[in-house]
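What follows is a short report on a single structure.
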Amino acid sequence: MLKFDEALQIVTSSARKLGTERVELGRASNRVLAEDVICDIDMPPFNKSAMDGFACRRADLTNELTVVETIPAGVMPKKKIGKNQCAKIMTGAVVPEGADCVIMVEHTEVLAHNSSQRSAEPERDRIRFIGKCTDSNIAAKGEDVKKGDVVLRAGVLIKAQHIAVLASVGCARPLVTIAPRVGIIATGDELVEPDRKPTACQIRNSNSFQLAAQVAGASAIPTHYGIAADTKQRISAVLTKAMAENDVVIVSGGVSVGDCDLVRDILKENGVKILFERVAVKPGRPTVFGVADEIFCFGLPGNPVSGFVMFELLVKPFLYRMMGHDFKPTSYRGQLERTIKRKNAERDFWLPVVTGYDGKVAQIDYHSSAHITALCEADGLICVPSGVTEIKEGATVVVRQI
Ligand code: AMP
Ligand code: MG
């Protein structure tokens, strides 16, 4: 059976890019940047006050200072600061020439006050520094980023903090990679849609919606193709349509070895070259991956936990690779609360866990790969690798966040 790493290598190396497009900043969140972004200005663009206070010379801190002007943010200073002078200054304003520090307003005492100070020339405020010492409280021009620096690299998954950088450097329409369109087909005679009450032998189709949410969460574009009954004709018809309209198709169910598990054969009959059909992962062994004319098809097991796990492990990195992003799951370490033992160690075994603030990693009680509510209590998955039969209580484990 194919090892998981080999399967991952096959899917990620098969991924093809879909080109690029420019989008408005407001629509760039969760897209993948397709170009390096260069800063077009120094940041900060001028020596900027980090405080509301008075800009002055450090050498004059023990003296009374005369306020020569007020400098709000967005206004150029008109005066140079000379000996025993200062300018009242607001956070974000340009520090005037001659000043080498800004003393906080909280560290000053007004000695003489002129009510029309902003316009008054002859009769000015005088102030005094009453603090013990002061930082410069000046953010120097270019101290964060210099004009011409690369601020973001192609391949970055754009989050809120990246949006702020793009905005700051004037990249109002970033170039991003085109997101794959993903068609989702549920198979199974027993399935009804969630708004229907199942009869005694039916269950609701949860996989299509779970997968669509996972696809959207991975920055791709899901489309539902409903439920196909377990006949070659029905599945084939829906598959043909989904393959014509998408870059990737995910078929849920029908990939194991039952009489009604027809998906693998149907994929082959539709010209899909199967690259693998079993992976050494529990849950999720009968996972199928193939390609036809640059359209990629995944067949995922129908059990919801299996589908969830295999999407996380294989499909998500694949979709991001199509967008030019190297997906790295968020993971953290913790101490296993209860020993895990197993006899058959043929496959990587993924288990839902919850991690406490004390770093203790507790397994969630979980009956089978149909037990979807178990995943709702979990904040991560841990892996017992193939070949390992026991992980002892207290051992350090890596939790993959879900
Ligand atoms: P299969 O992979 O088709 O053999 O299905 C395995 C199990 O998953 C069966 O118990 C199915 O009823 C269940 N199952 C299949 N498809 C879905 C679905 N779309 N939503 C929820 N459960 C499903
Ligand atoms: Mg089925």
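How much length is gained if the chain between THR240 and ALA362 is pulled fully straight, taking 0.36 nm per residue apart and subtracting their Cα-Cα distance, in nm to one decimal?
Between THR240 and ALA362, full extension yields an extra 39.5 nm.
For the stretch 202-308, what class follows from the C-alpha gyration tensor (a ≥ b ≥ c being the square roots of its eigenvalues): rounded when a/c is under 1.5, otherwise prolate if a/b is larger than b/c, else oblate?
Here the stretch 202-308 falls in the rounded category.
Under the Karplus relation 6.51 cos²θ - 1.76 cosθ + 1.60, θ = phi - 60°, what is the ordered set of whole-Hz ³J(HN,Hα) values for the stretch 387-398, x standing for Gly and Pro?
My calculation for the stretch 387-398 gives x, 9, 9, 8, 10, 7, 3, x, 5, 7, 10, 9 Hz in order.
Using a 1.4 Å probe over the heavy atoms of the protein chains, calculate the carbon and sulfur portion of the accessible area of the stretch 342-402 as a whole percent.
Solvent-exposed carbon and sulfur of the stretch 342-402 make up 51 percent of the total.
With the other protein chains left in place, how much accessible area per residue, in square angstrom, belongs to the stretch 1-151 at a 1.4 angstrom probe?
Heavy-atom SASA per residue in the stretch 1-151 reads 56 Å².
What number comes out for accessible area per residue over the stretch 306-402 if the probe is 1.4 Å? Units Å², please. Walk me through the numbers before you get to the answer.
On the way: 4780 Å² over 97 residues.
With all protein chains present, the stretch 306-402 gives 49 Å² per residue.
Which whole-percent values make up P(r) of the chain when all C-alpha to C-alpha distances are grouped in 10 Å steps starting at zero?
With 10 Å bins starting at 0, P(r) equals 5, 18, 20, 16, 12, 10, 10, 7, 2, 0.
Can you give me the angle between helix 232-245 and the longest principal axis of the chain, using Cα atoms only, in degrees from 0 to 90, rounded to the nearest 10?
Roughly 30 degrees, rounded to the nearest 10.
Quick one: which of LYS241/LYS273; LYS78/LYS132; LYS88/LYS141; LYS232/LYS282; LYS197/LYS316; LYS343/LYS392 span more than 22 angstrom between C-alpha atoms? Walk me through the numbers before you get to the answer.
Values: LYS241/LYS273 18 Å; LYS78/LYS132 30 Å; LYS88/LYS141 20 Å; LYS232/LYS282 27 Å; LYS197/LYS316 32 Å; LYS343/LYS392 14 Å.
Listed pairs above 22 Å: LYS78/LYS132; LYS232/LYS282; LYS197/LYS316.
As an exercise, use a Förster radius of 45 Å and the Cβ-Cβ distance of GLU24 and LYS268 to find the FRET efficiency, rounded to the nearest 0.05.
Working from the Cβ atoms, E equals 0.55.
Suppose only helical runs count, i.e. DSSP H with n ≥ 4. What mean residue ellipticity at 222 nm does that imply for the chain under -39500 (n - 2.57) per run, divided by all residues and rounded to the nearest 500 deg cm²/dmol?
Working: 8 runs with 72 residues, N = 402.
-5000 deg cm²/dmol, from helical runs alone.
Under the rule of at least 5 residues apart or a separate chain, name every residue whose amide H is placed under 5 Å from the amide H of VAL145.
It is MET43, by chain and number.
Of the chymotrypsin sites (Phe, Trp or Tyr not before Pro) in the stretch 259-357, which ones lie in a loop per DSSP and count no more than 14 other C-beta atoms within 10 Å?
TYR357
At 0.36 nm per residue, and after removing the present C-alpha to C-alpha distance, how many nm does the segment from LYS392 to GLU143 gain when stretched out fully? Mind showing how you got there, number by number?
Details: separation 249, 0.36 × 249 = 89.64 nm, distance 4.99 nm.
Gain on stretching LYS392 to GLU143: 84.6 nm.
Suppose R0 equals 56 Å. What FRET efficiency, 1/(1 + (r/R0)^6) with r the Cβ-Cβ distance, do ALA160 and ALA200 give to the nearest 0.05? Could the numbers behind the result be given before it?
Details: r = 48 Å, r/R0 = 0.86.
Rounded to the nearest 0.05, the efficiency is 0.70.
Net charge around ASN63, counting only other residues with Cβ within less than 9 Å of its Cβ (Lys, Arg = +1; Asp, Glu = -1)? Kindly include the intermediate steps, with their values, before the conclusion.
Working: positive: LYS83, ARG128; negative: ASP60, GLU64.
Local charge sum for ASN63: 0.
Please list, ordered by chain and number, the residues whose modelled amide H lies under 5 Å from the amide H of ASP230; skip anything fewer than 5 residues away on the same chain.
GLY188, ASP189
Relative contact order, percent, of the chain when contacts are C-alpha pairs under 8 Å separated by at least 6 residues?
Numbers: 939 pairs, mean separation 63.8, N = 402.
Averaging sequence separation for qualifying contacts and normalising by length gives 16 percent for the chain.
Under 5 Å between amide H atoms, partner at least 5 residues away or on a different chain: which partners does GLN85 have, H built in plane at 1.01 Å?
Correct list: ARG57, THR66.
May I ask which residue of LEU18, GLY188, ILE340 lies farthest towards the positive end of the charge dipole of the chain, with charges of +1 (Lys, Arg) and -1 (Asp, Glu) on Cβ and the Cα centre as origin?
LEU18
Find the relative contact order for the stretch 38-118 and round it to a whole percent, using C-alpha pairs within less than 8 Å whose residues are 6+ positions apart.
38 percent
Once Lys and Arg get +1 and Asp and Glu get -1 on their Cβ, which of MET51, CYS383, PHE276 lies farthest toward the positive end of the dipole of the chain?
Farthest along the dipole direction, towards plus: MET51.
Would you look at the GNM of the chain, springs on alpha carbons closer than 10 Å, and say which of ASP293, ASP379, ASP42 moves the most?
ASP293
So what J values fall out for the stretch 132-149 if you push phi through Karplus, 6.51 cos²θ - 1.76 cosθ + 1.60 with θ = phi - 60°, rounded to Hz, Gly and Pro as x?
7, 7, 9, 6, 6, 6, 10, 8, 6, 3, x, 6, 7, 8, 9, 3, x, 5
Give a residue-ordered list of calculated ³J(HN,Hα) values for the stretch 209-218 (Karplus: 6.51 cos²θ - 1.76 cosθ + 1.60, θ = phi - 60°; whole Hz; x for Gly, Pro).
6, 4, 5, 4, 5, 5, 4, 5, x, 9
Report relative contact order for the stretch 95-213 in percent, whole number only (criteria: Cα-Cα under 8 Å, sequence separation at least 6). Each step should come with its number before you reach the end.
Working: 83 pairs, mean separation 18.3, N = 119.
The normalised contact order for the stretch 95-213 reaches 15 percent.
Can you compute the charge dipole magnitude of the stretch 153-230 about its Cα centre, using +1 on each Lys and Arg Cβ and -1 on each Asp and Glu Cβ, nothing else charged? Give it in debye, rounded to the nearest 20. List each step's numbers first, then the result.
Values: 7 positive and 5 negative charges, 107 e Å.
My answer is approximately 520 debye.
Using a probe of 1.4 angstrom, how much of the accessible area of the stretch 92-215 is carbon and sulfur, in percent? Each step should come with its number before you reach the end.
Working: 3470 of 6680 Å².
So the carbon and sulfur contribution to the accessible surface is 52 percent.
With every protein chain kept in place and ligands, DNA and RNA left out, what is the accessible area per residue of the stretch 170-304? Probe 1.4 Å, answer in Å².
Solvent-accessible surface per residue comes out at 42 Å².
Considering the zone a paramagnetic label at PHE46 would reach in this model (a point 7 Å from Cα along the Cα-to-Cβ line), which residues of the stretch 85-113 have amide N under 19 Å from it?
Counting backbone N atoms under 19 Å from the label point, the list is 86-103.
For the chain, set up a Gaussian network in which alpha carbons nearer than 10 Å are linked by springs, and say which option among GLY82, GLY217, GLY380 fluctuates the most.
The residue that fluctuates most here is GLY82.
I'd like the distance between the alpha-carbon centres of the stretch 333-364 and the stretch 180-212, rounded to an integer number of Å.
30 Å
Could you state the number of Å between the C-alpha centres of the stretch 16-60 and the stretch 242-279?
46 Å
Picking from ALA186, ALA167, ALA228, which is most flexible by a Gaussian network model of the chain using Cα springs under 10 Å?
ALA167
At a Förster distance of 60 Å, what's the computed FRET efficiency of LYS328 paired with LYS83, Cβ-Cβ distance as r, to 0.05?
0.60
The values are calculated or read from the model by the stated rules, or taken from the named source; none is laboratory data. Since the model is a prediction, treat every value here as computed from it, not as a measurement. When we count neighbours, we look across all protein chains shown, and the Cβ atoms used for this are built from the backbone with ideal geometry, even at glycine. Side chains are part of the model used for accessible areas, which takes the heavy atoms of the whole protein and leaves out ligands, DNA and RNA. Shrake-Rupley method; radii C 1.70, N 1.55, O 1.52, S 1.80 Å.
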